[in-house]
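The structure appears below as structure tokens.
What follows is calculated from the coordinates using simple rules that are stated; it is not laboratory data. Every value quoted in this text rests on a predicted model; they were computed, and no experiment measured them. Ideal geometry is used to build each Cβ from the backbone, glycine not excepted, and the neighbour counts take in all protein chains shown.
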Amino acid sequence: MPLSGNPIRSKIRAVTDNTVTGLAVLATVLVIAPLVAIFVYLIYKGAASLNLDFFTKIPKPVGEVGGGMANAIVGSAVLLALASLIGIPIGIGGGIYLAEFGRGTKLANAIRFTADVLNGVPSIVMGVAAYALIVSTHISLIPFTGHFSAFAGGVALGIMMIPTVCRTTEEMLLMVPHAVREAALGLGVPNWRSVLAITLRTASPGVITGCMLAFARVAGETAPLIFTALGNSFWSVDLNRPIAALPLQIYVYALSPYDDWHRLAWAGALVLIVLIVAAVSLVRYVTSRGVLKGAS
Amino acid sequence: MSEIRALQPQIPPSQPNASSAASGPASPPQPHPAGPEIRKFLRERGNSAAADRSFQILMVLCALSIFGIVALIAIVLMMRSNMAWHQFGLKFFYTYDKDPVSGDALFWDPVNGHFSAVPFIYGTLVSSFLSLLLAVPLAIGVAIFLTEMCPKALRGPLAFLTELLAAIPSVIYGMWAFFILVPLLREHVNPWLVKGLGWSGLFVDDNPTGLGYVSAGVILAIMILPIISSLTREVMSAVPHSQREAVLALGATRWEMIRMGVLRNARIGIVGAVILGLGRALGETMAVAMVIGNSAEIHHNLLANGSSMASVIANEYAEASSDLHRSALTELGLALFIVTILVNALARILVWAVTRGAPAENR
């Protein structure tokens, strides 16, 4: 059946349509291919070096075979704990303001816009700011200042978490039906308690999901740590000293000229990506199942 | 509960019923005999205006912290780059010193104190432009496929996979690019580029390492693809179905429906998505630092080593030799901060204009 009166034009239109379909499929294949390639290579190169040593030993001196990245994994955990301590409460507070108290106001719109824009600021700029604020200024009364430290790295990562947690908390709180809030207020529950114990609790699967998303994003960040936490070849959980971090260690080892360190870097990359993929998949699963099982 | 009951007054049975509508003059409301005790009880439980107000103030402070963060970063970066600003001024960004004897350009010489942002701005712009060239057609193609052509069953998994691309840390992208992509480009792609496009003067075969602007452009393209693609999909879904149906009713093929009904309406948002991808590409650090070759020079050859603003900060900051060196690097960081804020703000405005202020995805 011709598409238009002119048979040549019909043919051109039909061929164009099929070509574009083919190009779109090709584009999708070209986009999925690097993803598959990355995973395949990570598993291929990293799985062989993943043994108990990797998770329990610190790196050996250069030239010796063996060792692991245990200090980097523990160091990352410390940094992420500090970052979550800073980022999650402030982020949730901001989200509560945007959803409960400031809905529709100009201030809330400005804050939402600024949070989105802050999400796009490169992480290296956060690292430079944290260096300038904490590492290079020596204020005698405030601890942790004046030198490279895990505290500086944790603060840099925590500041990065705040806009993400704020936006996702706001979106989740907006989904709580008004009836829940009104029921609580109608029973005489004070507003602050209604927000915290009832609205937030109803939205808590979604809020936790948002925190996990921010956590996964910040877990892979290297740039802010290069000159705040600096990295450490030994066991250290001291907040006042440089600390090793998994992505930082991967970066240093990947660029080194030693094959053994390359091997460790691949294994570390595999561990990192498994953790992040697990977190992202969990987030997807929770949000697709419906976050508000507790409401209405 | 028994405490509340204990506070309730004992009402004598002979009190007139004050709620009858047709009774005589209404008496003023009697204060509850146990009023003060009830109020004290509630205040102890936190049921007071003061508690509500202080909670609200606390939440406002948390929200204002976002403004505070932006202000803090801007102020501290400006303070730290003061030295370089006083020394070089605005010329830091568009000129560079020349060696008085040989006439060579002295772009970045920490030893002798010559600093100029020109090679890094060049490297950032070239690698970002290359990445946009590669990523935008692919991202729009993927978005079209996922929104209009994909069978429903495949849509979820494929969308999840594209978002997974966004979740991979950039250091892993850099490592994969360094060990696998760069040799691949060096052996198979660069010779073809030199042979086919060498006439333009942009591709000269004098870099045996395979690192350079092209490698950085390719890995950046892979990294910004998911952002552009997911925002484009969101913007395309926001186009009302009536537009699509109207075009189809006039006898359009599927591609014509997409072109006239969807893309035409969504083009502002797609431009916004592309600009957002550009913002991400401008600031990308780790992957670029690992594959761009890190040489502070300007080359017409796209296969030559270069450097970007973010990569030079990452490489040199921790071991900066002098205060002026660190100050110059901080000034680069400040420039990067301002540029990415402007680019992101523009992109968000464009995307919001199409999706009408619905909460934008932060990926």
Quiz item: When chain A is treated as a GNM, springs tying every alpha-carbon pair under 10 Å, which of A:81, A:70, A:24 comes out with the largest mean-square fluctuation?
Solution: A:24
Quiz item: Assuming a viscosity of 1.002 mPa s and a temperature of 20 °C, what translational diffusion coefficient in µm² per second does Stokes-Einstein assign to the stretch B:115-355, Rh being the Kirkwood radius over Cα pairs?
Solution: 111
Quiz prompt | For chain B, calculated [θ]222 nm from helices alone, where every DSSP H run of n ≥ 4 adds -39500 (n - 2.57) | solution = -19500 deg cm²/dmol
Practice problem: About the Cα centre of chain B, how large is the charge dipole given +1 on each Lys and Arg Cβ and -1 on each Asp and Glu Cβ? Please answer in debye to the nearest 20. | Solution: 1560
Practice problem: Determine which residues of the stretch B:159-194 fall in the zone a paramagnetic label at residue B:205 would reach in this model, i.e. backbone nitrogen under 11 Å from the point 7 Å along Cα→Cβ. | Solution: B:190-194
Practice problem: May I ask you to list the lysines whose Cα is less than 17 Å away from that of residue A:57, ignoring any residue fewer than eight positions away on the same chain? | Solution: none
Quiz item: Under 21 Å from the Cα of residue A:60, which lysines turn up, not counting those fewer than eight places away in the same chain?
Solution: A:45
Self-check item: Relative contact order for the stretch A:155-244, counting Cα pairs under 8 Å that sit 6 or more residues apart, in percent
Solution: 30
Quiz item: Measuring from centroid to centroid over Cα atoms, what is the spacing of the stretch A:1-62 and the stretch B:44-79 in Å?
Solution: 45
Exercise. Go through A:272, A:113, A:286 and say which Cα lies farthest out towards the positive end of the charge dipole of the protein assembly as shown; charges sit on Cβ, +1 for Lys and Arg, -1 for Asp and Glu.
Key: A:286
Quiz item: What percent does the relative contact order of the stretch B:276-363 come to when contacts are Cα pairs within less than 8 Å and at least six residues apart?
Solution: 29
Quiz item: Along the positive direction of the dipole of the protein assembly as shown (beta-carbon charges: Lys, Arg +1; Asp, Glu -1; about the Cα centre), which of B:257, A:143, A:131 reaches farthest?
Solution: B:257
Quiz item: Can you give me the relative contact order of chain B as a percent, contacts being Cα pairs under 8 Å and 6 or more apart?
Solution: 22
Quiz item: Looking only at other chains, what is the average number of their beta-carbon atoms within 10 angstrom of each beta-carbon in B:65-78?
Solution: 6
Quiz prompt | residue A:110 versus residue A:81: modelled label distance in nm, points set 7 Å from Cα along the beta carbon direction | solution = 3.9
Quiz item: Can you tell which of A:244, B:227, B:327 lies farthest toward the positive end of the dipole of the protein assembly as shown, using +1 and -1 charges on the Cβ of basic and acidic side chains (Lys, Arg; Asp, Glu)?
Solution: B:227
Quiz prompt | Cross-link partners of residue B:98 among lysines (Cα-Cα below 29 Å; sequence separation of 8 or more within a chain) | solution = none
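Using helices alone, I'd like the mean residue ellipticity at 222 nm for chain A: each DSSP H run of four-plus residues gives -39500 (n - 2.57), total over residue count, nearest 500. Let's see the in-between values first.
On the way: 10 runs with 184 residues, N = 296.
Helix-only estimate at 222 nm: -21000 deg cm²/dmol.
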Exercise. Obtain the nm distance between the two label points defined at residue B:58 and residue B:152 by a simple spin-label model: each point lies 7 Å from its Cα along the Cα-to-C-beta direction.
Key: 4.7
Practice problem: Return the loop-located chymotrypsin sites (Phe, Trp or Tyr not before Pro) in the stretch A:197-254 (DSSP other than H, G, I, E, B) with at most 14 other Cβ atoms within 10 Å of their own Cβ; answer none if there are none. | Solution: A:234, A:235
Quiz item: Taking each residue of B:79-87 in turn, how many C-beta atoms of other protein chains fall within 10 Å of its C-beta, and what is the average?
Solution: 1
Self-check item: Two-site FRET efficiency, residue B:180 against residue B:112, from Cβ-Cβ distance with R₀ of 35 Å, rounded to 0.05
Solution: 0.35
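Under a point-charge model restricted to the Cβ atoms of Lys and Arg (+1) and Asp and Glu (-1), what is the dipole moment magnitude of the stretch A:54-180 relative to its Cα centre, in debye to the nearest 20?
60
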Quiz item: Residue separation times 0.36 nm, minus the C-alpha to C-alpha distance between residue B:259 and residue B:95: what's the value?
Solution: 54.6 nm
Practice problem: Mind giving me the FRET efficiency for residue A:9 and residue B:267? R0 is 30 Å, r the Cβ-Cβ distance, nearest 0.05 is fine. | Solution: 0.75
Quiz item: Per residue of B:323-330, how many C-beta atoms from partner chains lie within 10 Å of its own C-beta, taken as a mean?
Solution: 2
Exercise. For the stretch A:80-154 and the stretch B:293-320, compute the distance between their C-alpha centroids and round to whole Å.
Key: 29
